[in-house]
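To keep things clear, I will list the structure first and then write my remarks on it.
Each value in this text was obtained by applying a stated rule to the coordinates, not by laboratory testing. Note that this is a predicted model, so its numbers are computed, not measured. Cβ placement follows ideal geometry from the backbone for every residue including glycine, while neighbour counts extend to all protein chains displayed.
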Amino acid sequence: MSSATLPMTEMAVGRRRRGGRPINGWINVDKPVGMTSAACVNRVRRAIDAAKLGHAGTLDPAASGVLPIALGEATKTMPFVVDTHKQYVFTVNWGERRDTDDDQGRVVETADRRPSEADIRAALPNFTGEIIQVPPAFSAIKVDGVRAYTLARAGEEVVLAARQISILSFELLDMVDRDCARFAVKSGKGAYMRALARDLASALGTCGHLSGLRRSAVGPFTEATAISLEKLEELGHSAAVFPTLLPIETALDGIPALAISVKEAAQLRNGQAVPIMRPHDREQIEAVGDEGIVLAVEAATPVALARVDGIQIRPVRVLNL
């Protein structure tokens with residue numbers, strides 16, 4: 001990301017709680033089915049008594065999987081997680097379209113046609129790359145200040161504008177049976193898997209809806225490092241919880257690190273720009289480009305996210321560690 005404003009969209013940051021512990025880092029939670037992302041954050045807060053935390057990238061209550069939760073100063077790096085790629089696994093059920101585009105809604109259309117494996121594989125390339133998608137009516141997008149799902153639940157007609165999204169890969173995993181098939185998708189931000197399932201079914205001459213949605217990765221956060229809420233609650237406030245705590249830098253995968261001195265670190269912490277004089281460092285910031293973002297690090301301690309401004313860097317988010 002090159003923006004100096006680092007917009008805080010598609011994420012939720014909780015307020016600092018009095019009496020909570022000042023913990024800095026990330027916990028990669030395996031969110032269970034049936035729980036909102038906000039409720040998951042509250043469970044984590046109670047389990048480890050964290051002073052400040054929030055989640056990066058909402059996961060539907062009906063979905064399970066990777067939900068990165070930032071604690072303390074890590075909340076300042078959340079925009080980088082929101083903007084990164086996500087990976088999902090889900091099932092498309094043929095023959096029924098539902099108003100929510102998943103198995104939680106009511107049936108609004110049926111069809112007898114069932115696509116063959118060859119038909120599906122032939123259609124998938126049309127849903128990769130930069131594509132246009134209309135979000136589901138039951139989504140958190142605001143319409144005149146009101147969430148679309150609130151209007152849809154009230155029986156109002158919801159018409160959402162089409163948007164461009166990025167689908168990096170769309171793979172058929174398994175023809176489960178005549179009525180459903182499993183898929184894996186890697187996407188950019190803002191892509192709705194429910195809408196993808198709906199549109200694929202339509203392109204195949206039938207209708208369909210999504211079920212069994214699981215998010216397997218959010219950027220560098222994967223199932224391999226995810227921890228269940230039950231396990232986290234078992235660890236509680238003990239020291240054993242800290243091996244599950246991932247460093248702040250985990251969210252900054254792909255953001256170049258720039259080594260700075262103690263004096264330069266103090267300047268950045270005070271909101272001052274730092275000129276880059278060392279030839280090697282100049283080459284590094286030139287490679288990033290003007291307006292690009294680097295992570296300023298002093299003796300292995302992250303100091304600030306800084307924006308490149310010619311031959312100097314300016315602090316954008318100071319990390320108080």
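Shape class for the stretch 173-321: oblate, because the ratio a/c of the largest to smallest gyration tensor axis (alpha-carbon atoms, square roots of eigenvalues) is 1.5 or more and b/c is at least a/b. Of the residues Asn24, Ala201, Ile165, the one whose Cα sits farthest towards the positive end of the charge dipole of the chain is Asn24 (charges of +1 on Lys and Arg Cβ, -1 on Asp and Glu Cβ, taken about the Cα centre).
Shown here: the chain, whose C-alpha atoms stretch 71, 44, 39 Å along the first, second and third principal axes, sorted largest to smallest. The angle between the Cα long axis of helix 193-203 and the main principal axis of the chain comes to about 40°, on a 0 to 90 degree scale. Taking the average, over residues, of other Cβ atoms within 10 Å as the packing measure, peptides 158-165, 264-271, 37-44, 203-210 rank 203-210, 37-44, 264-271, 158-165 from highest down. In this rough spin-label picture, where each label sits 7 Å from Cα along the Cβ direction, the Glu130-Ala273 distance is 3.2 nm.
Put simply, when 77-85, 186-194, 170-178, 285-293 are sorted by average Cβ atoms within 10 angstrom per residue, most first, you get 77-85, 186-194, 285-293, 170-178.
Computed from Cα positions, the angle between helix 279-288 and the longest principal axis of the chain comes to roughly 20 degrees. Would you calculate a helix-derived [θ] at 222 nm for the chain, using -39,500 (n - 2.57) for each DSSP H run of n ≥ 4 and dividing by the full residue count, to the nearest 500? When only DSSP H runs of four or more count, the value is -5500 deg cm²/dmol. Between the beta carbons of Arg106 and Leu168, assuming R0 = 45 Å, the FRET efficiency works out to 0.85 to the nearest 0.05. In plain terms, the bigger the Kirkwood radius, the slower the diffusion; for the stretch 161-250, with that radius from Cα pairs, at 20 °C and 1.002 mPa s, Stokes-Einstein puts D at 132 µm²/s. Put a plus charge on the Cβ of each Lys and Arg, a minus charge on the Cβ of each Asp and Glu, and nothing anywhere else: the dipole of the chain about its Cα centre is then about 1120 debye.
Ordering of 223-234, 103-114, 47-58, 298-309 by packing is 47-58, 298-309, 223-234, 103-114, highest average first (other Cβ atoms within 10 Å, averaged per residue). Determine the shape class of the stretch 86-212: with a ≥ b ≥ c the square roots of the Cα gyration tensor eigenvalues, call it rounded for a/c under 1.5, and otherwise prolate if a/b is greater than b/c, oblate otherwise. Oblate, because a/c is 1.5 or more while a/b does not exceed b/c.
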